[in-house]
Each structure stands twice: as C-alpha cells, then as structure tokens.
Amino acid sequence: MKTWQFRGSAPNELRSASMLDPHKLTHSTVGSFLMALCWFLLSFLFHSLYAHNDFFTSIGQMTDLLYTEKDLVNSLKEYIKQEENRLELVKEWADKLDSLTNTATQDPEGFLGHPVNAFKLVKRLNSEWADLESLVLKDTTNGFISNLTVQRQYFPTDEDQTGAAKALLRLQDTYQLSANTISNGDLPGVVHKSQMTVADCFELGKIAYSEADYYHTELWMAQALTQLDEGEESTIDKVTIMDYLSYAIYQQGELERALELTKRMLKLDPDHQRANGNLKYFEFQLEKQRKAEAEKKEQEDKTRKKKVLDKRDAQRKRSKDPLPERKKYEMLCRGEGVKLTPRRQSRLFCRYFDNNRNPRLLLGPVKQEDEWDRPRIVRYHDIISDSEIKTVKEMAKPRLKRATVHDPITGKLTTAQYRVSKSAWLSGYEHSTIEKINQRVEDVTGLEMDTAEELQVANYGVGGQYEPHFDFGRKDEPDAFKELGTGNRIATWLFYMSDVAAGGATVFTDVGAAVWPKKGTAVFWYNLFASGEGDYSTRHAACPVLVGNKWVSNKWIHERGQEFRRPCTLSNLE
C-alpha cells in the first residue's frame, strides 16, 4: 500500500432545409486631427507590441482582459460623473426658471411693468438661453471614446467568443453537466459563481447551430426558453428561441416534437411566415411517415430503435468522432473507469529516491511515488518551488502563443482544435532558474538534457485540453523530429505548476490511468522501450479544465546522448 494518497444535412422533400432554417440575425470619433493622429500612432505601437490572438486558449493571458475592462469602467464612470455635473447645472437652471415663469405668467403685464424684469427677460432670451444651449450640447464623451477606441484593438474577436462557447459545450459533454447546471453556475470548486442569462444561453445555442450541432442547439435553446418561462426578463423573445429550437429538433428526426413546438409558436405569433410554412411541411412529413409505418411493421420496429438512440451518438456520427476512445477519455476525465486492480495497486510504493546515490541527491533525496505500473509512471513531490514557478510563469507569460502540434503529413507545426492552450519555450541560457530546473531533471532521471527540447511552458484556456496523442514519433511519421537531429522523444517530464479546482487531469486512455494536477509535483514516463520501439500504451491526453487555471511545463527528452545512460536491449518490448 502507498503511504501517500493524492487526487488532486438537410432533407430534400418538398422544400429545402434553407426554407426551414431560422433567419440569421445580423449583427464619432471626437477631437482634432492631431489628437486623432496621436491616438492612432500610439495605439498602433501598443498593438504591435502587446496584441494577442486566441485569448480563449490561455486563462493566464485572459487575466489582462479584466484589467482592460476595469480601465474602461473607470473611464465610463468619469464620463458619467461629468454628465451628472452637467445635468445638475441644467436642472438648477430649469428649477430657477420654472419658479420665475410661474410667478411671471400669473400677472404678465404687472411683472414686466418692472423695468428690471423686462431687462432680465430680454437678456435671458438673447444670451443666457444661448449659454444653456451650449451647456446642453457640450460633449463630455471625448476621453471615454478615445480610451475605448484604443482598447478595442485588444478586445477578443468573434473567434474568441466562438472558441469560448465551444469550450463550454466541451465541458458539458466531458463532465456530463446539464445546461441548467452550467447556467446556474453550480460547478465544483467554484469560488466566484456566475449565472447565465437568457441572452447568454441563446448565444451559446446559436453558435452550436452555426456548427450544425443540433444536439447542443436544442439543449441551450430549451434552457433559454425555460428561463423565459420562469419569468426572467430578456430582449430575446420566445418566438425567436422556438424558431431555432423547432428546427434543431426537426434535424434530429423528431417530427412530432417539432410540430408541437411550431404550433406553440403560432399561438404566440399567428402570422409567423416560416412557422406557417413549417407547420404544413411537418404535418405532411408526419402523415407520410405514418403511412410508411403502417405498411411495413418491420420498418416500424427499426424506426423505433433508431428513435431511442442517444442523440449525442447521432451527433458524433455527423462529426465522425472516434467514439470508443472518446468515451474512455471522457470517463477518465470524470474519474471513472480507472482500471488499476487492488493487486496491482499493492505493488505501487512511495520512497525517497537519490538515483543511485547521485551526489546532488544524497543529502536531499526526492519524494518519488508510483502512479502506475505499465507503463511505469512516477510522480515526484515538492520537486519545484513556488518561487521557481513564479519565475517560470513571469518569463513565459509575455511569450505565450497558441500551442501547436506536428502535422504528420507535412511534418510542420500547426494549430489544432484538439489542443486548446498557449505555450512558450524557455532556455537554460536565459535564466539561472531554468538552468537549475534542467539540471534537476537530469539528476532525477539520469538522462542527458543537452539534447532535450527547451522547457515548454503551457497555460490552458477556457475548457483547455489536449486530446489523446503520443509524444513520440511513430513509424508512419519518420520525419517528425528530423529537424532537431536528436532522434525520437525517449521520455516526458511534466511539471504541474498550479492546482486545478476541477478537471485538468492527465489521462492515459489505453491503460485507464489518470494523474491529477498537484502544484509543485512532476510526473515522468518513458515514451520508448529500451529497444527504441514506441510504447503505444503511453497515449495520453490533458482533460478539459472545468474550474481553475492550469499551468504546466515539460521537458521532452530525446534519444541522442542516452546511449550509455539507458543502453539499448535486443527485445522490442523491454
């Protein structure tokens, strides 16, 4: 027994789908020329220096957006204050003249019989009302608009919004969360709870709809409709939501429900053109379906079986998702399906490790814990300090860029939807802390670091993940690391530089292992057998981060230089 336990397309009958498809909703600068030119030049400079893309792929960089928004709020409050002061002056003027004119109009001739009153009336209408006009027309928006114009260049893009929305849908699937749970903000480990509005749910449904993801479209449009039915006020009306919802349900083959929802729409808006057209179409299709079912009883049984299929299975078929591995991956991410038997568990131990009396580890051996037996995965506790983590993050954050993967066809680095994070590379020549970290990895593993890749630092974004993959180059991609000239990736060392409130595990899908993030620890495994053959049981993935901010760094260690440190064997599986 271990003494330490940690867990850190559309139908073609009668009318095309485009006829049924809900309509797609379509979505002064003030100052002198010199000021505008200055702002432009300044903003261009800042943009070229600091602008980032793909905000949604890194929580670390998204924190900058909070400070941007705070600055805009302060600017907006200053504008409001100026407007309030201006309106207060206008109000004082109106109150004063209201009292004066009430008195004067009771006896106009008598009032104007006083020469001073006559003079002041002429004066007010000739000059003072002109001053008031200037006050009312005074533009106090200059500072706020200028600031907004500059900051807008660093705002997230449509791609970021779509990416963040897809991340929520990914989290919903992986961790089997209902739309209601997410909308209410009831997530494990949450500190700052936030709820979604009808408009938020509607927007999420629209993004799923634009991707032809009718399963999630139904879930989120239904949630938006539920919140409206419960009395939440919104600028989004029920008919608009039902329009999308009925189409999504129809696309999933549920004609009766689509027809029922369309009838409900027409009760709210009898003149809705598309709903009236869809009503006739759905009724025709339903009648056609009933006739076919009556004629062929066997076909009826098959149809019923199809109807009870999980909708998500149908969605996966449309997206050609590799279900078996995907299912195992998601189960492991939820902490389910771990295959370690009690007997195998009893063979895992914790120990103080000095790597065969390495001089640097004799007085301070490291804490080593067996996480898994085949492949052997070990965790090292207290292997990187908080101060070292702080240095690494400070160095990496300004350099973070969208993480890439090796394209097996081109052999080049490219971004991929299955890897949602940002990364940076740090060299030991840049800072003594990085050099010390590299040396520590060498001391503990006994492997040569001169041929290893630089320290890669990664920060995961909203629902950040890295789907199942191998770290080593397979036989069908012989040029994967050719440009490095250091051979294949023999081993992987992974530092966890933050705790994660929920999600974010490293899972090995072929063997059913799950390793949970724990700040200050590192895990290590060999990707290749001693023979140089790839160990396919090391296929692994980084689960989506449900709640929290995940920082990791890793060293990919290569074959060259290890000839005497890890000698080859004749057996392929040793």
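The values are calculated or read from the model by the stated rules, or taken from the named source; none is laboratory data. As the structure is a computational prediction, the values presented were derived from the model and not from experiment. Methodologically, a virtual Cβ is constructed for each residue, glycine included, from the backbone with ideal geometry; neighbour enumeration extends over all protein chains shown. For accessibility, only protein heavy atoms count, side chains too; no ligands or nucleic acids. Shrake-Rupley method; radii C 1.70, N 1.55, O 1.52, S 1.80 Å.
Of the residues in segment 452-470, not one is part of a helix (DSSP H, G or I) and open to solvent by less than 10 Å² (accessible area, probe 1.4 Å). So which residues in segment 535-560 are at pLDDT 95 or above and not hydrophobic (A, V, I, L, M, F, W, C), if there are any at all? Residues satisfying the conditions are 535, 536, 537, 538, 539, 540, 553, 554, 555, 558, 559, 560. In the set (1) surrounded by 12 or more Cβ atoms within 10 Å (Cβ to Cβ); (2) in contact with a helix residue (DSSP H, G or I) (Cβ under 9 Å, 6 or more places away or on another chain); (3) at pLDDT below 85, the condition left unmet by residue 50 is number (1). Answer with yes or no whether residue 463 is under 19 Å from residue 548 (Cα atoms) and either in contact with a strand residue (DSSP E or B) (Cβ under 9 Å, 6 or more places away or on another chain) or at pLDDT 70 or above (or both). Taking the combined requirement at face value, the residue satisfies it.
If only residues of segment 540-574 that are of a type in the set (D, E, K, R) and closer than 20 Å to residue 375 by Cβ are counted, the one that is least open to solvent (accessible area, probe 1.4 Å) is 555. Among the residues of segment 193-251, those that are among the aromatic types (Phe, Trp, Tyr) and closer than 16 Å to residue 161 by Cβ comprise 202, 209, 220. Answer yes or no: is there a residue in segment 511-526 that is open to solvent by 40 Å² or more (accessible area, probe 1.4 Å), modelled with pLDDT under 95 and either out of contact with any Leu (no Cβ under 7 Å at 6 or more places or on another chain) or of a type in the set (A, V, I, L, M) (or both). Scanning segment 511-526 turns up no residue that is open to solvent by 40 Å² or more (accessible area, probe 1.4 Å), modelled with pLDDT under 95 and either out of contact with any Leu (no Cβ under 7 Å at 6 or more places or on another chain) or of a type in the set (A, V, I, L, M) (or both).
Residues that are surrounded by 14 or more Cβ atoms within 10 Å (Cβ to Cβ) and of a type in the set (Lys, Arg) number at least 1 in the following helices (runs of 4 or more DSSP H) confined to segment 132-196: 158-174. Among the residues making up segment 414-435, a single one is at pLDDT 70 or above, in contact with a Ser or Thr (Cβ under 9 Å, 6 or more places away or on another chain), in a loop (DSSP other than H, G, I, E, B) and not aliphatic (A, V, I, L, M): 431. The set of residues in segment 475-510 that are open to solvent by 20 Å² or more (accessible area, probe 1.4 Å), touching a Ser or Thr at 6+ places or on another chain (Cβ under 8 Å) and within 21 Å of residue 464 (Cα to Cα) contains only 494.
Does segment 392-413 contain at least one residue that is surrounded by fewer than 18 Cβ atoms within 10 Å (Cβ to Cβ), at pLDDT 90 or above and part of a loop (DSSP other than H, G, I, E, B)? There is no residue in segment 392-413 that is surrounded by fewer than 18 Cβ atoms within 10 Å (Cβ to Cβ), at pLDDT 90 or above and part of a loop (DSSP other than H, G, I, E, B). Quick one: would you say residue 71 is modelled with pLDDT under 85, surrounded by 11 or more Cβ atoms within 10 Å (Cβ to Cβ) and charged (D, E, K, R)? Answer is no for this residue. Residue-level check: of (1) at pLDDT 80 or above; (2) within 30 Å of residue 68 (Cβ to Cβ); (3) in contact with a helix residue (DSSP H, G or I) (Cβ under 8 Å, 6 or more places away or on another chain), residue 82 misses just (3).
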